[in-house]
Amino acid sequence: MPTWSSPPTGRAATAASYLGVTTVTDVTGVPADVLSTLFHSERGGHEQVVLCQDRATGLKAVIALHNTALGPALGGTRFYPYASEAEAIADALNLSRGMSYKNAMAGLDLGGGKAVIIGDPEQIKTEELLLAYGRFVASLGGRYVTACDVGTYVADMDVIARTNRWTTGRSPENGGAGDSSVLTAFGVFQGMRAAAQTLWGDPTLRGRKVGVAGVGKVGHYLVEHLLEDGAEVVITDVREESVRRITDKHPQVAVVADTNALIRVEGLDVYAPCALGGALNEETVPFLTAGIVCGAANNQLAHAGIEKDLEARGILYAPDYVVNAGGVIQVADELHGFDFDRCKAKATKIFDTTLEIFARAKADGIPPAAAADRIAEQRMADARRA
Ligand SMILES: NC(=O)c1ccc[n+]([C@@H]2O[C@H](COP(=O)([O-])OP(=O)(O)OC[C@H]3O[C@@H](n4cnc5c(N)ncnc54)[C@H](O)[C@@H]3O)[C@@H](O)[C@H]2O)c1
């Protein structure tokens, strides 16, 4: 278990350089460097960062509120064994910033926030720790609304919700919306239809060959939408049971060995990354056979600049945080008493939003990822002025 005094190593060193520091040696060293990121770096600009500790339960958490111009900051709680506190803080800052953009583009009256709990959930997650964390969420009085993320689940949100009114992602028995992957997949499909309209003049995947990498919770629902629309589908997944769940039901779906094979499939029209982040990088982009990339995975662009490589190859990239917003639309709705039809109507608008981004990208002569950022920043700035 890392402590507040662990020096950064490996990935942590990256986090440390993001924070603009070379070493993090004690608790007094951290705030100074965080302050410099927050107040002076381009990737800073966060409104509030809360460091939380509950010694009795071993809770160490960071709650980062990036921008609340549009409303309370909504974003999940990640529970992860970070190699150092610097890495955890960097992740919270980065993820909360991403949520500001995602929520703005989803048309939600919500800002961007995110929390991380430091430690291995398998080792330290207890009911008492989650309740202690929930009391910190409560202390923010509604400025931060939490939800599930990596390492936290619906059952955890049910526990955290016992301490405050600002916990979403709960089970239906506890007033929650349950599984968010249904609407996430639906939203990705809307984004893909918009990309098809932009590239081929017709908002359908009928007759197109679509490759889905990762057919887990979101990917398998996406496959259903694609088949219903008349697409030819090729899939890959590292888990055999995920593949079999689809091929048992739909024997016409083709399977390839791995993502490397999928991106090179001859005649592929669309590539849908639905597994992990970083799918678009120097090893994949030069070999993509597809004309469109549109999938559910978060943070698909491995680093800044990859969006330009996609554009240079004439590949239309539908920005991940725009098309995968169905899940956040769903959890946000819990704040008003969950209504599936209302959420589906909002997720349907991902089609129009994606079209708007492609149009703006063309008009401004910039990649769609940059156009999405510009539109989101404008929405936040307008809300601030209103
Ligand atoms: N669930 C949601 O509502 C939601 C919302 C927004 C974004 N996302 C993002 O979408 C992605 C998928 O989410 P999910 O909820 O379906 O997760 P999941 O874990 O249910 O599914 C991911 C699938 O990808 C497979 N996989 C992992 N590594 C792979 C690899 N190298 N090659 C091929 N397959 C691989 C896994 O075996 C699994 O079947 C994630 O990046 C997630 O952050 C999900």
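Each reported figure results from applying straightforward, stated rules to the coordinates on display, with no laboratory input. All of these numbers come straight from a predicted model, not from anything done at the bench. All Cβ positions, even for glycine, are placed from backbone atoms using ideal geometry, and neighbour counts span all protein chains on display.
Using the number of other C-beta atoms within 10 angstrom as an exposure proxy, rank Ser41, Ser100, Ser181, Ser84 with the fewest first. Mind showing how you got there, number by number?
Working: Ser41 13, Ser100 30, Ser181 20, Ser84 25.
By the 10 Å Cβ count, ascending: Ser41, Ser181, Ser84, Ser100.
Mind jotting down the distance between the C-alpha centroids of the stretch 328-353 and the stretch 183-226, whole Å?
A separation of 18 Å, based on Cα centres.
Starting at 0 and stepping by 10 Å, how many percent of the alpha carbon pairs of the stretch 125-277 end up in each bin?
Values per bin, smallest distances first: 11, 32, 24, 20, 13, 1.
Would you pull out the residues with amide H under 5 Å of Val293's amide H, same chain only if 5 or more places away, H placed 1.01 Å from N?
Those qualifying (amide H under 5 Å, at least 5 residues apart or on another chain) are Tyr271, Leu316, Tyr317, Ala318.
If amide hydrogens are placed 1.01 Å from N in the peptide plane, which non-local residues have theirs closer than 5 Å to the one on Ile235?
Placed amide hydrogens put Val212, Ala254, Val255, Val256 under 5 Å from Ile235.
What residues have an amide H closer than 5 Å to that of Arg78, excluding those fewer than 5 places away on the same chain, when H is modeled at 1.01 Å from N in the peptide plane?
HN-HN under 5 Å from Arg78: Ala115, Val116, Ile117.
Sum -39500 (n - 2.57) across every DSSP H segment of at least 4 residues in the chain, then divide by the residue count to get the 222 nm mean residue ellipticity, nearest 500. Walk me through the intermediate numbers first.
Details: 16 runs with 174 residues, N = 386.
Roughly -13500 deg cm²/dmol at 222 nm, from the helical runs in the chain.
Among DSSP beta bridges whose residues both lie in the chain, state the antiparallel percentage, nearest 5. Don't jump to the answer; show the numbers that get you there.
Values: 13 of 39 bridges.
Around 35 percent of the beta bridges assigned by DSSP in the chain are antiparallel ones.
Quick one: of Lys60/Lys102; Lys249/Lys344; Lys60/Lys125; Lys102/Lys344; Lys209/Lys249; Lys114/Lys308, which pairs are farther than 23 Å apart, Cα to Cα? Walk me through the numbers on the way to the answer.
Working: Lys60/Lys102 26 Å; Lys249/Lys344 25 Å; Lys60/Lys125 11 Å; Lys102/Lys344 17 Å; Lys209/Lys249 19 Å; Lys114/Lys308 28 Å.
Violating the 23 Å limit, Cα to Cα: Lys60/Lys102; Lys249/Lys344; Lys114/Lys308.
Tabulate in residue order the Karplus-calculated ³J(HN,Hα) for the stretch 193-205, using 6.51 cos²θ - 1.76 cosθ + 1.60 with θ = phi - 60°, rounded to whole Hz; enter x for Gly and Pro.
Here the 3J(HN,Hα) series is 4, 5, 5, 4, 4, 5, 7, 10, x, 9, x, 9, 9 Hz.
Each residue of the stretch 157-173 in turn: what ³J(HN,Hα) in whole Hz from Karplus with 6.51, -1.76, 1.60 and θ = phi - 60°, glycine and Pro shown as x?
5, 4, 5, 4, 5, 5, 9, 7, 8, 10, 10, 10, x, 7, 6, x, 5
Please state the shape class of the stretch 181-382: rounded when a/c is under 1.5, otherwise prolate if a/b exceeds b/c and oblate if not, all from the C-alpha gyration tensor.
Working: a/c = 1.63, a/b = 1.13, b/c = 1.44.
It is oblate, given that a/c is not under 1.5 and a/b is not larger than b/c.
Assuming R0 = 25 Å, can you tell me the calculated FRET efficiency for the pair Ala359 and Phe287, based on Cβ-Cβ distance, to the nearest 0.05?
The value I calculate is 0.30.
Kindly express, to the nearest 10 degrees and within the range 0 to 90, the angle between helix 368-385's C-alpha long axis and the longest C-alpha principal axis of the chain.
50 degrees
Over the chain, calculate the relative contact order: mean separation of alpha carbon pairs under 8 Å at least 6 apart, over the residue count, as a percent.
It rounds to 14 percent for the chain.
Can you compute 3J(HN,Hα) from phi for each residue in the stretch 315-328, using the Karplus curve 6.51 cos²θ - 1.76 cosθ + 1.60 with θ = phi - 60°, rounded to whole Hz and x for Gly and Pro?
9, 8, 9, 8, x, 4, 6, 7, 7, 9, 7, x, x, 6
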